[in-house]
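A short worksheet on the structure shown next.
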Amino acid sequence: MIIGCCGAGKSTLAKKVHERTDLPIVHLDQLFWRPNWTEPSTEEWEDIVKKASDESSWIMDGNYGGTMDIRLNKADTVVFLNRPTWLCLFRVIKRVALNYGQTRFDMANGCRERFDFDFLKYVYNFNKTRKDKILNKLEAIKQEKQVFILNSEKQVRSFLTQIDQHEKHL
């Protein structure tokens, strides 16, 4: 399970882990959004997440705090990309500029990249409003799950190297 602020690199890391392990990849944004950025009901969304997390193995990227506990209960490993606000904002703005009007690989069909001030505000406030809650959840499960808190690109590369070494021994 890969979580972190928008623009932290969750989908990119999920793709790299998938390439190394061949585990199925699940981008929560693809499951959540309907064409033209339409949201499912809370009940429908919870059912979708339960079904996806009931699979025997997966790499799942995305936050969606309302269903985080469902995924945490099923995950054996959790990666939190703890990246600074400025970096996340820069990456999100760059992503919008490069993909404007197109649908990204990790997004649902019919959801074209757009400039959204409320989304930028969410990214700007993520570390202030959500980070501590996530870290507290991770602290509570670290005895029973593998928890990785990655604060830099160097730590992400080291994490991927650990996966490479593990895969060689299988």
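The values are calculated or read from the model by the stated rules, or taken from the named source; none is laboratory data. Source: prediction; values computed, not measured. Positions of Cβ are backbone-derived with ideal geometry, glycine not excepted, and every protein chain shown enters the neighbour counts.
When we screen Asp61, Asp47 for residues that are surrounded by fewer than 20 Cβ atoms within 10 Å (Cβ to Cβ) and either modelled with pLDDT of 95 or more or among the aliphatic types (A, V, I, L, M) (or both), the only hit is Asp47.
Just checking, does region 64-80 include any residue being hydroxyl-bearing (Ser, Thr, Tyr) and either touching a Pro at 6+ places or on another chain (Cβ under 9 Å) or touching a residue at least 40 places away in the same chain (Cβ under 8 Å) (or both)? The answer is yes; a qualifying residue exists.
Every residue, every condition in (1) over 20 Å from Ile149 (Cβ atoms); (2) touching a strand residue (DSSP E or B) at 6+ places or on another chain (Cβ under 8 Å); (3) surrounded by fewer than 20 Cβ atoms within 10 Å (Cβ to Cβ), yes or no:
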position: Lys51; (1), (2), (3): yes, no, yes
position: Gly66; (1), (2), (3): yes, no, yes
position: Val79; (1), (2), (3): no, yes, no
position: Pro84; (1), (2), (3): no, no, yes
position: Leu87; (1), (2), (3): no, no, yes
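The rows are residues; the columns are (1) in contact with a helix residue (DSSP H, G or I) (Cβ under 6 Å, 6 or more places away or on another chain); (2) among the charged types (D, E, K, R); (3) in a loop (DSSP other than H, G, I, E, B).
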| site | (1), (2), (3) |
| --- | --- |
| Gly66 | no, no, no |
| Ile93 | no, no, no |
| Gln102 | no, no, yes |
| Gly110 | yes, no, yes |
| Tyr122 | no, no, no |
| Glu139 | no, yes, no |
| Arg157 | no, yes, no |
| Gln162 | no, no, no |
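Yes or no: Phe115 among the hydrophobic types (A, V, I, L, M, F, W, C) and buried (at least 16 other Cβ atoms within 10 Å of the Cβ)? Spelling it out, it is not the case that Phe115 is among the hydrophobic types (A, V, I, L, M, F, W, C) and buried (at least 16 other Cβ atoms within 10 Å of the Cβ).
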